Amino acid sequence: MDFNPNNISKRIVIFIYTLAMFCIYPIVIDDAYYNITITKTNFFMGASKVFLLCFVVAIFIDIFIHESLYIEEKFFVDDKRKFYSKPIFWMEMFVLANVIAWYMADCSQAAKTGEGSRWMGMETYLVIGLVFVCIGRMTDISKISIVAFAFVTAYTYIIGIIQHLEIDIQFWATGQKSIFEFMHYRQGLSMDQFDIYMSTFGNINIFSCYIVISLSLFIGIFIFTNLIYMKLIAGTLVVLGGASLMIANSDSGYLGILGAMFLLLLISYKENRFKKYIISLILLACGNLLVVLLNNFAVEKYDKRGGFAQALDRMDLSIMIIIGLIMVYLLVHYLATNHKEKLEKLNKKKVIIAFVSVTAIVGVLAVIIGNAKGMAAFTFNDRWGTYRGFVWSRGWALFQDAPLLNKLFGYGNETFGEYMGSYYYSEMMDIVGKYYDNAHNELLQYLVTLGIFGVVTYLGVFVSSLVYMLKYGKGNYLVYGAMTSMVGYFVQSLVNLNQPITTPLYFVIMALGVGYTTHLRKQDGDYDQVSGK
């Protein structure tokens, strides 16, 4: 962090809060996994409220410092872009959507706290919005916080690997003391639950969500940084993340990384980083091979894979993927060396548009053909996606049957489970044998609970932040890392659920990306400042 006197108090407060969210929030846990949602909620809400209070105090301290030292730089800045292109405007509207939804709810207390479901009530989103506004206006990002986040992330990945090997179980099951004593997060769980609770996040879908957020961030850093130590740290995390992705055994994780890698493919080509992009794929494949080796030589009676992980859990395929990627790298290197002039003549914008168009057409054709042939992956019914087809179709029906006012503003925060229980309880028990309090699709969740206004404003936050970082990120590796992380989260959220264990981290990283982009613009003098006085 650059400790110049300009906005020093606010920057210190943001730095400390970032360390809390990057270093403590991912690993804080209490009473194993039994109250992990409450534990994470309390930490996030407590740390964020302290941050907001300190941030307000820091504003007045910075005013005093600026006036005492006669600093000419403005401590309040804004630019003159259209309001609808500003991420902070959309976040303010998204918070408003949550407040209106809370007013619409039959039980205002439950909608306020979210206590009847996943604790993502109006109060949580109000805090998220305030944090986003404070950080997103302008901030720098300390390399210290990124390195600290890397070490904490490595810890969470390694815990998952230890649990995969069941080393901790072997020790505490026999009563022996060991260096793995502190890793007994699953102690007390029944044996049939071991495969669905992992690391410091509980459910494997939530652990997968964290992997997507963190791994996408470090892949972006690896590709675009020129700092050797940062590249080594990020590269190590990419290997461990590739291993953890298979261990978590959740298709949502693979979908999130696929979305992040697609974006990175386009950006790395545009920024002449395509070879480093291929190296990142090789590192991911090496992580996958590591787990395959463990499955074959270190894990006894192992039969836990499903979905993408099951398809990749083959020694021959894992080795072939690595060899194939190395050959692609050599081909790209040859073309870049021997046909550099021809490649430079290509219109990169047109190449990207053509590639995206072809990809979209192939995707649509795959869905049409797969559906026509009756392939399970392309046939939408109640059983599709581990019964996501069931909950999505009923969730959509809840929206369709809603009165106009509820279509616009929703039934209320965290009311999805309440209405599913009222209208489809018998079907849930008869068909699935499970009670759904979440849509397992963030956009559908918001559509039912916050209405059309909520979905539009949420998409506004995401799209405006993405466009802002793409337009003004100036090729900075921290901006691209934050941008890749938020895209990975967004893609996996289309088949996963929002909750206080990882969702707040997504908004914090997005805010850091937006705020740091503004910081870069201001440094380069292309930021139109106006006085806040």
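Quick notes on this structure:
- Helices (runs of 4 or more DSSP H) within segment 276-363 that include 3 or more residues closer than 22 Å to GLY242 by Cα and within 23 Å of the chain's Cα centre (by Cα): 307-312
- Hey, LYS434 of a type in the set (Lys, Arg), touching a helix residue (DSSP H, G or I) at 6+ places or on another chain (Cβ under 8 Å), touching a residue at least 40 places away in the same chain (Cβ under 8 Å) and loosely packed, with under 15 Cβ neighbours inside 10 Å or not: yes
- Qualifying residue in segment 459-475 (condition: in a loop (DSSP other than H, G, I, E, B), under 30 Å from LYS143 (Cβ atoms) and in contact with a helix residue (DSSP H, G or I) (Cβ under 6 Å, 6 or more places away or on another chain)): yes
- Total residues in segment 8-22 satisfying the condition of being at pLDDT 95 or above and in contact with a Ser or Thr (Cβ under 8 Å, 6 or more places away or on another chain): the figure is 6.
- For the residues LEU258, LEU294, LEU289, the requirement of being touching a residue at least 24 places away in the same chain (Cβ under 8 Å) and surrounded by 19 or more Cβ atoms within 10 Å (Cβ to Cβ) singles out LEU289.
- Across segment 476-484, not a single residue is classified as more than 30 Å from MET104 (Cβ to Cβ), part of a helix (DSSP H, G or I) and free of Cβ contacts under 8 Å to residues at least 24 places away in the same chain.
- Selection within segment 182-230 - among the polar types (S, T, N, Q), over 20 Å from GLY287 (Cβ atoms) and in a loop (DSSP other than H, G, I, E, B): GLN187, SER190, ASN226
- From the options VAL514, VAL487, VAL455, VAL479, residue that is at pLDDT 95 or above, crowded, with 19+ Cβ neighbours inside 10 Å, of a type outside the set (D, E, K, R) and closer than 17 Å to LEU126 by Cα: VAL455
- Any chance LYS522 is closer than 23 Å to MET93 by Cβ and charged (D, E, K, R): no
- Filter result (charged (D, E, K, R) and within 26 Å of ASN203 (Cα to Cα)) within segment 108-164: LYS112, GLU115, ARG118, GLU123
- The one condition in (1) surrounded by fewer than 17 Cβ atoms within 10 Å (Cβ to Cβ); (2) out of contact with any Phe, Trp or Tyr (no Cβ under 9 Å at 6 or more places or on another chain); (3) in contact (Cβ under 8 Å) with a residue 40 or more places away in the chain; (4) among the small types (Gly, Ala, Ser) that SER357 fails to fulfil: (3)
- Residue check: TYR157 meets all listed conditions (1) of a type outside the set (A, V, I, L, M); (2) closer than 26 Å to ASP195 by Cα; (3) at pLDDT below 90 but one, namely (3).
- Taken over segment 18-42, residues that are free of Cβ contacts under 8 Å to residues at least 60 places away in the same chain and over 21 Å from ILE204 (Cβ atoms) amount to 3.
- Scanning segment 41-58 for residues that are crowded, with 19+ Cβ neighbours inside 10 Å and either in contact with a Phe, Trp or Tyr (Cβ under 7 Å, 6 or more places away or on another chain) or of a type in the set (A, V, I, L, M) (or both), we see that the one that is farthest from THR113 (Cα to Cα) is ALA58.
- Single residue of segment 484-507 satisfying the filter (under 10 Å from the mean Cα position of the chain (by Cα) and among the hydrophobic types (A, V, I, L, M, F, W, C)) that is nearest to PHE89 (Cα to Cα): PHE507
- Neighbours by Cβ (under 8 Å, 6+ apart or cross-chain): first from segment 132-155, of a type in the set (S, T, N, Q); second assigned to a loop (DSSP other than H, G, I, E, B): SER142/MET1; THR153/PRO26
- At least 2 residues being within 24 Å of the chain's Cα centre (by Cα) and at pLDDT below 95 is the threshold, and among the helices (runs of 4 or more DSSP H) wholly inside segment 372-452 those reaching it are 384-400.
- Criterion violated by ILE63 - all others in (1) hydrophobic (A, V, I, L, M, F, W, C); (2) buried (at least 16 other Cβ atoms within 10 Å of the Cβ); (3) in a helix (DSSP H, G or I); (4) modelled with pLDDT under 95 satisfied: (2)
The values are calculated or read from the model by the stated rules, or taken from the named source; none is laboratory data. This structure is a prediction, so every number in the text was calculated from the model and none was measured. All Cβ positions, glycine included, derive from the backbone under ideal geometry; neighbour counts span all protein chains shown.
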